[in-house]
Amino acid sequence: MKNSWRSIWLLTAGIVFALLAAEIGLRQIHNEPAKLQVMDGLKELQVTPNILAVSSSHGRSFHVLGQELARLSDQSINLTAVALESGKVEAMEWLLHHRLKSLIQDDSGKVLEPLSHLMFGITWWDTCREETSSETTVAANAPNVVTHGWSITDYRNDFLSNGSTDLNRNFVRNRWRQAFSESALVRMRFAIKENFGRFTNFIRVSVLGGLPESESQGLLVRWHDTIDNGHECFLSDRDMQALDRFVAFAKQHELDLTIVLFPLKPDTITAVGLKKTIEPFTEHLFEYGENNDVRILDMTLSLLDDNDFMLDLDHVNPPGNIKWAKAALDGEMSFLLDINKKDVLK
Amino acid sequence: MSFTNVEFLFFLPLVFLLYWIGPGVRSYQNTVLLFASYIFFGSWHWQLLLLILAGTWLDYFISHQFARLDDDNRHRKRWLFVSLAFSLGTLCFFKYAGFFAVSANEGLRALGLEQSLPVLKLILPLGISYWTLQRVGYMLDCYWRRVSPAESLLDFSLFVCFFGQVAAGPISRASELLPQLQKARKLTPDWLSSGCFAFLLGYTLKAFAGEFLGENLVAKAFSAPGDYNSLSLWIGVAAFAAQVFSDFAGYSLMAIGTARLFAVELPQNFNNPFLSKSLPELWRRWHITLNRWLFDYIFTPMTTSKGWFRNRLDLGLFCVFLASGLWHGAAWTFILWGLLQALGMIVHRNWDVLYRGWCRKNRAFVTLRKSSPYGFVSWALTITFFILTLVPFRSADMETAGIYYRGMLNSAGELALSISPMSLLAIILICALHFAELRPFDRMVRLFQSAPAVLRGVVYGLAVAILVLAVPFSSGTFIYQQF
């Protein structure tokens, strides 16, 4: 069939119309803002806060903690949360030394005022890894560092040495994602991946109102299995050495340090998981805190219940975040409200 | 950069604009395309650009030596040797050095010897198997005086490295592509619409159908064949046939679509292969450009030469498919796959000779061959054989292939693959593509093509929106790019 330029223009108009209709339609049904990532934390760090909280994707809960803290202190105390998707202590420590340090220090290496407190939110998972060669780079073990932590210079250096690889493409992909973060289609694409895993699950949840019982149960069983066997991989050498470096940084700069053992969904932890993974991990961290003079707050099971978590059984849902922030500031974290009185932290 | 990377969606329109807004002369158009091609290739691994540049300059120079030494066959042969040694030498070095070293070390160990050869871990240059064959084909054509050497180095460089085909073909003959590059091109509505349509259809096949089949069925079955029941293993390998078709036919369509946007026509690479009723027909429909290369430059010269190989057709087939297996990868699994194809082709050829003999004696055999039941049995045997031979092709090693074959007959595994709605949709898409040329489906295609342009645009737009939402995140790599 012969085409004319007129038919090409009409065809293009049809395509543009359909895409605009899809974009507008999706805005009606899905208007969630993009999730906080490292980049958002870096932007916020243009203004030095009182407290810097570094964490895995659970850092989004720390963001809510910061909002609650600012409200209770009449905006006199600021907390900046930096959330690194997929976590791991080594990756978070890399972030501190390679991206955050330059933003919280002056040229002489002194920490900028009014920063006085460092928080580090972790779970047992953040210290878990298969045995890896000590010679491999942080990036080789942690694509999340490449995706969210790298600067353009990191990418350029890697590209010049290794060319375009599956690993360094993570950086490029994430840059594109940010460039199109205003598009509802793109936001939806990532929301489907992050919240539902795959497109069919999204359709099922949208139509049926949730995943079939068998699949939710299957996910719970996988979590049980993961935590039950967590003791085989936790407290890895690489991550504990990274924790040492994290602590050393805080001490060197006279920053008060709190390590928060972040809440987990209670029904993902079986009696076996509790005994073999959660309790030994907590005990080890308390011992570590004692030996290194670091405050450890164990919130693993104390403040939230099953209803406070998302469908992924891992992250805290929005009402849960508020509940956690209020309870924490009312209890073990109440000292943060007095952070401007320097002697409180000593 | 790859066709499915998001940066390609910006790279392509940018090159398109630069190409068409400039003066419509050959030198400008080819310069833009060549520059873009080197960026495309260099984005993979910029240091390896030197390899493709060296090969291009060497072959350009040698092809002109062929013309200069018109009557001096001895020197022409020497120059051909230099060219082939460089092209095939680099291909072997990058692709097979590791395989030969590992195999040699295994052999030495089997003999009880301690010595071992160093195993080099090399980065495989993007598309080396494709552009090497295209260049070798050009050099042989020049040597045999089938084509004249390219006069312009610019044209020849583009012929070797055109970004539309450098990563994974289709492998063009010099007589197809060079004449197109040697004259100025003009954009017409047909080039634009057919290019965009081919690209979108290719992307759908590759990123949607191929990925869902791979993720939901193939990867599971082949990762632990001992755990799945027999039916699941049959489903797994059949799904692999559909996946590899979607992946590569999809890629080829994207390449053809890309080239059309610059008013260049690349050869067809797939022609509904699952409709084939014999193995030779299948190999005329599947990866067409590789197979015709193998027949043009290995089979035909070998079996029509004056030497010992003359008319030894079975041996020719054996060599062609052994080469095909080796071309696909440096592993024993690919060699086994090639040998199985060779066996199938030899059996078919001899059956054909036998049957033709029967036909000459009794015309009823001619009628039988034209009947539907004969056609159906031929089709079923062809496709089943092809699918079965994909087991070693996909398996990580010979041991896994053995477990897979045994499991297909009788598996103790209890796991069962379930076909997800997306996989089913992918299978429907592949079937629809095959049936589109058959009655009555061809009428539906024509009906859609004659619908108002705006309406067709809306359908395409919605297809793009669905692809944005549904295409899996793992869809960035092509199976055939690794060969």
Please find, among B:S43, B:S83, B:S103, the residue that is within 14 Å of chain A (Cβ to nearest Cβ), surrounded by 14 or more Cβ atoms within 10 Å (Cβ to Cβ), part of a helix (DSSP H, G or I) and among the hydroxyl-bearing types (S, T, Y).
B:S43
Can we say B:L233 is outside any helix (DSSP H, G or I) and among the aliphatic types (A, V, I, L, M)?
no
How do the pairs read when you match residues in region B:71-94 that are farther than 17 Å from B:W144 by Cβ with residues anywhere that are not hydroxyl-bearing (S, T, Y) and not in a helix (DSSP H, G or I), using Cβ under 7 Å and keeping only pairs 6 or more apart or on different chains?
B:F94/B:L122; B:F94/B:L124; B:F94/B:P125
Looking at (1) within 23 Å of A:N229 (Cα to Cα); (2) crowded, with 16+ Cβ neighbours inside 10 Å, which is the only condition A:K275 fails?
(2)
Which ones in region A:148-170 are aliphatic (A, V, I, L, M) and either surrounded by 15 or more Cβ atoms within 10 Å (Cβ to Cβ) or within 12 Å of another protein chain (Cβ to nearest Cβ) (or both)?
A:L160, A:L167
So which of B:T31, B:T56 is hydroxyl-bearing (S, T, Y), farther than 28 Å from B:R145 by Cβ, surrounded by 15 or more Cβ atoms within 10 Å (Cβ to Cβ) and in the same structural domain as B:R145 (by TED's automatic domain parsing)?
B:T31
In region B:13-28, which residue that is touching a residue at least 12 places away in the same chain (Cβ under 8 Å) and aromatic (F, W, Y) is nearest to B:D155 (Cα to Cα)?
B:Y19
Just to be sure I understand, how many residues within region B:200-230 are in a helix (DSSP H, G or I), among the hydroxyl-bearing types (S, T, Y) and over 19 Å from B:T384 (Cβ atoms)?
3
Within region B:128-154, work out how many residues are farther than 26 Å from B:R74 by Cβ and within 24 Å of the chain's Cα centre (by Cα).
6
Candidate set from region B:297-326 (those that are assigned to a loop (DSSP other than H, G, I, E, B) and of a type in the set (S, T, N, Q)); member that is modelled with the lowest pLDDT:
B:N311
Report yes if A:F281 is outside any helix (DSSP H, G or I) and either in contact (Cβ under 8 Å) with a residue 12 or more places away in the chain or over 24 Å from A:L336 (Cα atoms) (or both), otherwise no.
no
Are any residues in region B:412-458 facing another protein chain (nearest Cβ under 10 Å), at pLDDT 85 or above, part of a helix (DSSP H, G or I) and exposed (fewer than 14 other Cβ atoms within 10 Å of the Cβ), and if so, which ones?
B:L455
Matching entry among A:L36, A:L26 (being within 14 Å of chain B (Cβ to nearest Cβ), surrounded by fewer than 22 Cβ atoms within 10 Å (Cβ to Cβ) and within 30 Å of B:A465 (Cα to Cα)):
A:L26
Identify, by number, the condition in (1) within 14 Å of chain A (Cβ to nearest Cβ); (2) part of a helix (DSSP H, G or I) that B:F35 doesn't meet.
(1)
Of all the residues that make up region B:171-210, how many are free of Cβ contacts under 8 Å to residues at least 24 places away in the same chain and either farther than 29 Å from B:V468 by Cα or not charged (D, E, K, R) (or both)?
3
What about B:L313, is it within 28 Å of B:Y405 (Cβ to Cβ), surrounded by 14 or more Cβ atoms within 10 Å (Cβ to Cβ) and not polar (S, T, N, Q)?
no
Flag if B:K277 is closer than 17 Å to B:I383 by Cα and outside any helix (DSSP H, G or I)
yes
Among residues of region B:285-296 being assigned to a helix (DSSP H, G or I), out of contact with any Lys or Arg (no Cβ under 9 Å at 6 or more places or on another chain) and among the hydrophobic types (A, V, I, L, M, F, W, C), the residue farthest from B:F321 (Cα to Cα) is B:I288
How many residues does region B:459-468 contain that are under 18 Å from A:A184 (Cα atoms) and at the interface with another protein chain (Cβ under 8 Å from one of its Cβ atoms)?
5
Does region B:390-411 hold any residues that are of a type in the set (D, E, K, R), over 20 Å from B:F245 (Cβ atoms) and assigned to a helix (DSSP H, G or I), and which are they?
B:E399, B:R406
Given the condition under 29 Å from the mean Cα position of the chain (by Cα), modelled with pLDDT under 90 and either of a type outside the set (D, E, K, R) or outside the structural domain of B:L253 (by TED's automatic domain parsing) (or both), answer yes or no: does some residue in region B:63-70 qualify?
no
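Can you tell me which residue among B:L261, B:L213, B:L266, B:L315 is aliphatic (A, V, I, L, M), in contact (Cβ under 8 Å) with a residue 40 or more places away in the chain and more than 24 Å from B:A174 (Cα to Cα)?
Working: B:L261 fails: more than 24 Å from B:A174 (Cα to Cα); B:L266 fails: more than 24 Å from B:A174 (Cα to Cα); B:L315 fails: in contact (Cβ under 8 Å) with a residue 40 or more places away in the chain.
The match here is B:L213.
The values are calculated or read from the model by the stated rules, or taken from the named source; none is laboratory data. Keep in mind the model is a prediction, meaning the values are calculated, not measured. Here the Cβ is made from the backbone with ideal geometry for all residues, glycine too, and neighbour counts use every protein chain on show.
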